[in-house]
1. State which entries of Lys279/Lys331; Lys168/Lys201; Lys229/Lys290; Lys168/Lys331; Lys95/Lys168 exceed 30 angstrom in Cα-Cα distance in the structure shown.
2. Can you sort Trp283, Trp123 by solvent-accessible area, 1.4 Å probe, largest first?
3. Taking a temperature of 4 °C and a viscosity of 1.567 mPa s, what whole-number D in µm²/s does Stokes-Einstein yield for the stretch 176-240 with Rh from Kirkwood over alpha carbon pairs?
4. Amide H of Glu276: which non-local residues (sequence gap of 5 or more, or other chain) have their own amide H closer than 5 Å, using H built in the peptide plane?
5. Sort 327-335, 100-108 for me by packing, meaning the mean count of neighbouring Cβ atoms within 10 Å per residue, highest on top.
6. How large are Rg and Dmax for the chain when only the alpha carbon atoms are used, in Å?
7. So, with a 1.4 angstrom probe, what is the percent of accessible area on the stretch 203-295 that is carbon and sulfur?
8. Rounded to the nearest 500, what is the 222 nm mean residue ellipticity of the chain from helices alone, with -39500 (n - 2.57) per DSSP H run of 4+ residues and division by all residues?
Amino acid sequence: MIRCFIRALLATVIFLGFSEKSDAQSLEDIGFSGVFFLSYEHDVFEDTYENDFNIKRGYITFRKAISDRLEIRFTQDVTIDQQGDGIGDIELRLKYALVKYRTDDFGFISSPSFEAGVVNRPWINFEQDVNDYRSQKSMFLDQNNILSSADYGVQFEGGLGPELPEEKQRNLSTTPGRWGSIAAGIYNGGGYSELEFNNNKLLEASASLRPLPDQLPGFQTSFFGTYGKGNIPESPDFNMIGSALTYESAVVNAVIQGFRGEGDSSGRFTNPDTFEAHKLEGWSAFMELKPFEKSLSATLRYDELYNRDLDRLSVRQWITGLSYVFPNRSKLIVDVSRNQVDTVFNQTEFTRFEIVGEVRF
């Protein structure tokens, strides 16, 4: 039902917006941008190795302002098909297809907006504003299928308090509310690349607080959580709560986060006999250092995911890299990572040497 409503809403808004002008004028008003992650990967296992050139990901975005308050966004996700009859094919999926409506400030909330369609989810969207290295790996909770970065649904977001002065916003990518920002929504739960396999909907919300807006505008403390079910027919519980400390500046960007909960969005962490959700906890730390000059950065990230029911570590990963950042935020990255994944069915451990070209246009 929610997917049918969203499709009808998107079609109506697009039709109304484009009917106001001629086709030529409408096309001139459409914003276009994109980014591709191209890589060479060399994976070393205990007794063998693998290497290949790859398109890790690509995003092509179109934006159209219908009015001063109303905007549509359409983003295609370019990826490699990993399964089924088309395995190995380069395929296009929808990452975002949304209508965004901005309203006037009200009360303590600045620059409030509502979105409907295939929209970004609160916490991953905020984290990626601080950690601009999605080309290395997806974010910690997204990579492990705990949370998705985008989903079918509706959501609200806005800043807390008036916007920071322009001089305080330098080197900040997160919402510039003086005291922070909030976001909340209701979603299918499985993510933008999954079908809905049950009738449950997922609630997710995040709040980021800026305690020292004048002295340290880049420092924020965040809280985020979900309430709902995992996206499989058996509908196991999926509830979690997490917190994070983040910092943005000209010299360093950093994220330290931790969470505790039961289950996950994909229904993967469950008992195979009873489908009861496993209790999980984990933490992740990311840091980007820019000590030499603006264009050169060093990165370090460490993740751990622990299964409390099975009393064992499920995921351990570290990544370190050196990058050259171009003025438009394109990057050339050389990195090395170590992955240890322990599941009920198999155990994988390997070291990856990688060169990544992040091309933005």
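1. Beyond 30 Å between Cα atoms: Lys279/Lys331; Lys168/Lys201; Lys229/Lys290; Lys95/Lys168.
2. Largest accessible area first, the list is Trp283, Trp123.
3. Estimated diffusion coefficient is 96 µm²/s.
4. Amide H to amide H, under 5 Å and 5 or more residues apart or across chains, Glu276 pairs with Asn271.
5. Highest mean packing first, the order is 327-335, 100-108.
6. My reading of the Cα-based Rg and Dmax gives 20.8, 64 Å.
7. 64
8. Here the helix-only value at 222 nm equals -3000 deg cm²/dmol.
The values are calculated or read from the model by the stated rules, or taken from the named source; none is laboratory data. Everything numeric here is computed off the predicted structure, so don't read it as measured data. Using ideal geometry, Cβ is built from the backbone for each residue, glycine included, and neighbour counts are taken over all protein chains shown. Just the protein is used for accessible areas: all its heavy atoms, side chains included, with ligands, DNA and RNA removed. Shrake-Rupley method; radii C 1.70, N 1.55, O 1.52, S 1.80 Å.
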